[in-house]
Amino acid sequence: MIVIGLATLEKIEKKLEKTGKISALKGDLGNLKRSRNQAAHTHTKGTLRTYDAPSKTKHDFDRIYALLTELDAELQGHKC
């Protein structure tokens, strides 16, 4: 936002939001953050934490990567 400005960022977000990609990215990153925080900040002795299967985690990361790549392409295409 500091580099391209708020107005430009909002234009890019609106463009990607037409397909729901910004909402999907925010949701995926929020889920990842929540899962990470639960794993990192749970100190209850004697309880076990469950984790997603590696295949699900890889699928989530692949989806996030694709969305970030598309966002990056939009940012790279913008003339500052």
Report task. Name the one entry in Thr50, Thr19 that is exposed (fewer than 10 other Cβ atoms within 10 Å of the Cβ) and not in a helix (DSSP H, G or I). Result -> Thr50
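Restricting the search to the range 57-80, which residues are touching a residue at least 24 places away in the same chain (Cβ under 8 Å) and within 17 Å of Lys15 (Cα to Cα)?
Leu67, Leu68, Glu70, Leu71, Glu74, Leu75, His78 - these are the residues of the range 57-80 that are touching a residue at least 24 places away in the same chain (Cβ under 8 Å) and within 17 Å of Lys15 (Cα to Cα).
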Query raised in the report: What are the pairs, 6+ residues apart or on separate chains, where a residue within the range 18-30 that is within 16 Å of Ala73 (Cα to Cα) has its Cβ under 9 Å from a residue that is basic (Lys, Arg) and exposed (fewer than 12 other Cβ atoms within 10 Å of the Cβ)?
Result: Ile22/Lys14
Report task. Working only within the range 1-30, note down all residues that are closer than 30 Å to Lys56 by Cβ and touching a helix residue (DSSP H, G or I) at 6+ places or on another chain (Cβ under 9 Å). Result -> Ile12, Glu13, Lys15, Leu16, Glu17, Lys21, Ile22, Ser23, Ala24, Leu25, Asp28, Leu29
Report summary line: The condition of being polar (S, T, N, Q) and at pLDDT 85 or above holds, among Thr19, Thr47, only for Thr19
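The values are calculated or read from the model by the stated rules, or taken from the named source; none is laboratory data. As the structure is a prediction and not an experimental result, all values here were calculated from the model. Using ideal geometry, Cβ is built from the backbone for each residue, glycine included, and neighbour counts are taken over all protein chains shown.
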